[in-house]
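J.: Attaching a single structure in structure tokens format; questions to follow.
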Amino acid sequence: NPIAIIKAIRSSSLFILGGGSLLQNSTSSRSLNYYLLILRIANLFGRKVLLYANGIGPLHGDTAKDKCRLALSHTDAAGFRDSDSFKLAKTLLPPSAYSYLTCDPALLIIPHKPVKNRITVIIRGEDACETLSSAIKGAITKFLGRISTSTEIAFVPMNLKKDEKAARRLARSMPFKSIIFKTSDTADLIGFI
């Protein structure tokens, strides 16, 4: 609803672009253009702009980077939840913007359940490949050989549509017992992790 968005931004004193990897075009250029347009609207009305615990990238092509640079040209402060985004942002933000490295604020959610000894593997579906599977298997096997307590191994798909298939495939390929934990409830997910 473009009119509602414009009214909301116009009546605000600060525009916060919330966390997530919103500024990227690997899933589609449409979502990138949407968020850049909202940033441009905030700029148009002279609102202060804060990027809050964002991820940036991947940005494919110089046009996407140029669009980001233009939309971010009036950013006042920006927090990034990973070092790659932080480095990329340095090339896109104006020198006057205060930028900092932070964590994903979802980690601040208080767990609902007590946590037992667990190794949680969170993988994006598009990253799952033979090489990564082998590396995960080797690392966990090595770790399990060094500890004396029983440890649960859990594969957790964050995006149920994109990641669950990869998580199941990885769990099946492991030489040890592992589980799949899936939920759409954020508090349960953070509590589990």
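The values are calculated or read from the model by the stated rules, or taken from the named source; none is laboratory data. The structure displayed is predicted, hence computed values, not measured ones. Every residue, glycine as well, gets a Cβ built from its backbone with ideal geometry; the counts of neighbours run over all protein chains shown. We work out accessible area using only protein heavy atoms, side chains counted, and drop any ligands, DNA or RNA first. Shrake-Rupley method; radii C 1.70, N 1.55, O 1.52, S 1.80 Å.
J.: Which ³J(HN,Hα) values, rounded to whole Hz and listed in residue order, are derived for the stretch 85-99 from phi using the Karplus coefficients 6.51, -1.76 and 1.60 in 6.51 cos²θ - 1.76 cosθ + 1.60 with θ = phi - 60°, glycine and proline given as x?
T.: Once θ is set to phi - 60°, the couplings for the stretch 85-99 become 5, 4, 5, 4, 4, 4, 8, 10, 7, x, x, 6, 6, 7, 10 Hz.
J.: Among V49, P105, T141, which residue has its Cα furthest toward the positive end of the charge dipole of the stretch 47-193, with +1 on Lys/Arg Cβ and -1 on Asp/Glu Cβ?
T.: Highest projection toward the positive end goes to T141.
J.: Now, a different point. Quote to one decimal, in nm, the extra length available between R169 and C129 on full extension: 0.36 nm per residue of separation minus the C-alpha distance between them.
T.: 13.4 nm
J.: Per residue, what accessible area does the stretch 1-145 have, given a 1.4 Å probe and all protein chains present, in Å²?
T.: 60 Å²
J.: Still on this model: Checking the a/c ratio against 1.5 first, then a/b against b/c, what shape does the Cα gyration tensor give for the stretch 122-193?
T.: Note, shape of the stretch 122-193 comes out oblate.
J.: Per residue of the stretch 161-170, what does 6.51 cos²θ - 1.76 cosθ + 1.60 with θ = phi - 60° give for ³J(HN,Hα)? Whole Hz please, x for Gly and Pro, Karplus curve as stated.
T.: Those phi angles translate into 6, 8, 9, 4, 4, 5, 4, 5, 4, 5 Hz.
J.: Could you please report the charge total around R10, scoring K, R as +1 and D, E as -1 over all other residues with beta-carbon less than 14 angstrom from its beta-carbon?
T.: My count for the surroundings of R10 gives +4.
J.: State the volume of the convex hull built on the alpha-carbon positions of the stretch 1-150, expressed per residue in Å³ and rounded to an integer.
T.: Roughly 164 Å³ of hull volume per residue.
J.: What lysines sit close enough to K162 to cross-link, taking a C-alpha to C-alpha distance under 17 Å and skipping anything fewer than 8 places away on the same chain?
T.: Result set, ordered by chain and number: K182.
J.: So who's got an amide H within less than 5 Å of the one on L101, skipping anything under 5 residues away but keeping other chains? H placed 1.01 Å off N, in plane.
T.: F80
J.: Something else: Mind pulling the angle between the C-alpha long axis of helix 29-44 and the longest principal axis of the chain? Nearest 10 degrees, somewhere in 0 to 90.
T.: With rounding to tens, the tilt is 40 degrees.
J.: I would also like to ask the following. Which lysines, on any chain, are close to K7 with Cα under 19 Å apart, when same-chain ones fewer than 8 places away are left out?
T.: Qualifying lysines at Cα under 19 Å: K48.
J.: Let me ask you something else. Show that you can apply the helix-only estimate: for the chain, add -39,500 (n - 2.57) for every DSSP H stretch of four or more residues, divide by all residues, and state [θ] at 222 nm to the nearest 500.
T.: Theoretical 222 nm ellipticity from helices: -13000 deg cm²/dmol.
J.: Follow-up. For the pair S73/K162, report the inter-label distance in nm, with labels modelled 7 Å from Cα in the Cβ direction.
T.: The answer from the label model is 3.0 nm.
J.: Whole-Hz ³J(HN,Hα) for each residue in the stretch 153-160, computed from phi via Karplus 6.51 cos²θ - 1.76 cosθ + 1.60 with θ = phi - 60°, x for glycine and proline: what do you get?
T.: My calculation for the stretch 153-160 gives 9, 10, 9, 10, x, 7, 9, 4 Hz in order.
J.: May I pose another question? Net charge within 13 Å of L144 by Cβ-Cβ distance, Lys/Arg positive one each and Asp/Glu negative one each, not counting L144 itself?
T.: +4
J.: What are the residues whose amide H is under 5 Å from the amide H of L22, where those residues sit 5 or more places off or on another chain and H is modelled from the backbone?
T.: The answer is G55.
J.: Identify, among F80, L92, I179, the residue whose Cα sits farthest towards the positive end of the charge dipole of the stretch 42-179, taking +1 on the Cβ of Lys and Arg and -1 on the Cβ of Asp and Glu, with the dipole about the Cα centre.
T.: Of the options given, the answer is I179.
J.: Of all accessible surface on the stretch 2-139 at a 1.4 Å probe, what whole percent is carbon and sulfur?
T.: Of all accessible area on the stretch 2-139, carbon and sulfur atoms account for 59 percent.
J.: Summing Lys, Arg as +1 and Asp, Glu as -1, what charge do residues with Cβ under 13 Å from the Cβ of A53 carry, A53 excluded?
T.: Net of charged neighbours comes to -1.
J.: Which part of the stretch 151-183 falls in the paramagnetic zone of T141, meaning amide N under 14 Å from the point 7 Å along Cα-to-beta-carbon?
T.: Label zone hits: 173-177.
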